[in-house]
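Undergrad: Just passing along the structure, written as structure tokens.
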Amino acid sequence: MAAPDIKSAYDPSEQLARLQRQCRLSSVAIYRDQALYLQVLRDEVQAATRQALFSLLSEVDPARFSRLSAGERDRFHLAVEDLTKRCSVLLTVEQLMHLVTQMHDEQRRQQAHASREMLEGLSKNFQDTKSAPQPDQPDPPPLNRSEPAGSVHLSLASPLGPPPVATSKSSDESPTEARDVSEAVLSGDDEDQQSSDLDVLQSLFQLAGDVMQSPGSVEDWMLDPAISPSLDGDDYLLPTRPDALLHWMQSMDLALTRRLRNLSHAVNVQMLKAGLAQALLPISLLEAVQRGQMETHPTASNVLRIRLPLAMGELEPGMDVFSILIRTSELEFDSHRLRRCRSRLREHHHALAKMVGQQRHWERRSLDREARTHWQTPPDSRSIPTGD
């Protein structure tokens, strides 16, 4: 019977390879459970949307929908049904992965646009400062030709002005030439300082852009796993690293939230067109609610109720605005099938979080071993310069 390899249990490279193999096996179950969750969601999103519309219209004005004609009601139902069907087609793993890539590209464009605006502002400020008249600099004290060159002059007067610049190369220079050179140096100090500051900022933005566009980062594996190579050169649908796979699961939740937010906004637009709503909340406000940045009031599932600070009278502190906002948390609350699927995804999430902790540990061990190897390895004798 062969003895177990004890050294492999403490080898960082071997442990990282085992984590990668374990991650590949886990990715199959994660993909299956994610696809099952989306399948159940496709089956229930239409009924949940219709129930949310019924709850909203019943709470705001029950007679508003009945005042519509039969043709207008039919057109409204058909429009909502068409929106839910179009959204259901996009609720697949592949479509959400494509949306994640689009979201990442959108974020890059926004960051690049913000960087360009900042650089343009800095350049404009630099040009304005350069074109503005410079204040007159006090002339340096004239050279005393009775003192030898390099003499130290001590005075009790406080140095209020800038220190004189020694630009003369010999004692034969005239005071006029020395004063001209000093003025030129003093006038160019501010411009050189501003130019150097602008160059430093441009270099920082350039480095930030290079880091954002690096193809081997974890964000690229998370956001575009279909075209990102894995560590061993094979192509996999999902990432093969624990941290990248965990980020992939989080990005799928973000993409799903974006899909449901777009569906909610489209339904709200149809309500406004049909005359069933008096106001349309912007998408930025819906995003703030999804992120928990705005306080909401209790209401029916997938219905949003917020109070806007619009005083309508002396006793009313604001006005309540109702809107449709389909959220995964409320869909899971109403559906036991979605809750079961979500519980499986949470188990995968917890398991991946533990694997990420192990990955970080063995990566630190690997870096430590590499540093010790470089430190303990003697330098090549051929690289030592000889005394010739």
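Undergrad: Find the helices (runs of 4 or more DSSP H) located wholly in region 218-292 whose residues include 1 or more that are modelled with pLDDT under 85 and surrounded by 21 or more Cβ atoms within 10 Å (Cβ to Cβ), and list them. Show your work before the answer.
TA: Details: elements: 218-223, 242-274, 283-290.
Once the helices (runs of 4 or more DSSP H) in region 218-292 are filtered for at least 1 residues that are modelled with pLDDT under 85 and surrounded by 21 or more Cβ atoms within 10 Å (Cβ to Cβ), what remains is 218-223.
Undergrad: Please work out which residue is farthest from L254 (Cα to Cα), limiting yourself to region 311-336 and to residues that are of a type in the set (D, E) and modelled with pLDDT of 90 or more.
TA: D334
Undergrad: In contact (Cβ under 8 Å) with a residue 12 or more places away in the chain and part of a loop (DSSP other than H, G, I, E, B), is that true of S323? Spell out the reasoning first.
TA: Values: in contact (Cβ under 8 Å) with a residue 12 or more places away in the chain: yes; part of a loop (DSSP other than H, G, I, E, B): no.
No; evaluated as a whole, the condition is false for this residue.
Undergrad: State yes or no: is I306 surrounded by 15 or more Cβ atoms within 10 Å (Cβ to Cβ), modelled with pLDDT under 95 and among the β-branched types (V, I, T)?
TA: Considered against the rule, which asks whether it is surrounded by 15 or more Cβ atoms within 10 Å (Cβ to Cβ), modelled with pLDDT under 95 and among the β-branched types (V, I, T), I306 comes out as yes.
Undergrad: Still on this structure: Among A63, A79, A47, which is the only one that is in contact (Cβ under 8 Å) with a residue 60 or more places away in the chain, over 28 Å from the mean Cα position of the chain (by Cα) and not in a loop (DSSP other than H, G, I, E, B)?
TA: Matching residue, one of A63, A79, A47: A79.
Undergrad: Which one is nearest to E332 (Cα to Cα), of the residues in region 12-25 that are of a type in the set (S, T, N, Q) and buried (at least 17 other Cβ atoms within 10 Å of the Cβ)? Reasoning before the result, please.
TA: Quick first cut of region 12-25, residues of a type in the set (S, T, N, Q) only: 13, 15, 20, 22.
Narrowing the set further to residues that are buried (at least 17 other Cβ atoms within 10 Å of the Cβ) leaves 15, 20.
On the way: Q15: 38, Q20: 32 Å.
Looking at the filtered set, the residue picked out is Q20.
Undergrad: For region 260-306, give me each residue that is basic (K, R) and over 19 Å from E332 (Cβ atoms).
TA: Filtering region 260-306 for residues basic (K, R) gives 261, 273, 291, 305.
Correct list: K273, R305.
Undergrad: Which of (1) out of contact with any Lys or Arg (no Cβ under 6 Å at 6 or more places or on another chain); (2) touching a residue at least 12 places away in the same chain (Cβ under 8 Å) does L286 not meet, given it meets every other one?
TA: Unmet condition: (1).
Undergrad: Which is of a type in the set (A, V, I, L, M), surrounded by 15 or more Cβ atoms within 10 Å (Cβ to Cβ), closer than 27 Å to T299 by Cβ and modelled with pLDDT under 95, of V60, V100, V40?
TA: Residue meeting the stated conditions: V60.
Undergrad: Here's something else I'd like to know. Determine whether E106 is under 15 Å from the mean Cα position of the chain (by Cα), more than 18 Å from Y37 (Cβ to Cβ) and at pLDDT below 90.
TA: For E106, the condition - under 15 Å from the mean Cα position of the chain (by Cα), more than 18 Å from Y37 (Cβ to Cβ) and at pLDDT below 90 - is met.
Undergrad: Could you say which residue among R116, R108 is assigned to a helix (DSSP H, G or I), within 21 Å of R259 (Cβ to Cβ) and of a type outside the set (D, E)?
TA: Of the residues listed, the single one that is assigned to a helix (DSSP H, G or I), within 21 Å of R259 (Cβ to Cβ) and of a type outside the set (D, E) is R108.
Undergrad: Look through region 350-377, keep the residues that are hydroxyl-bearing (S, T, Y) and part of a helix (DSSP H, G or I), and return whichever of them is surrounded by the fewest Cβ atoms within 10 Å (Cβ to Cβ).
TA: T373
The values are calculated or read from the model by the stated rules, or taken from the named source; none is laboratory data. Please read these numbers as outputs of a predicted model, since none were measured by experiment. Methodologically, a virtual Cβ is constructed for each residue, glycine included, from the backbone with ideal geometry; neighbour enumeration extends over all protein chains shown.
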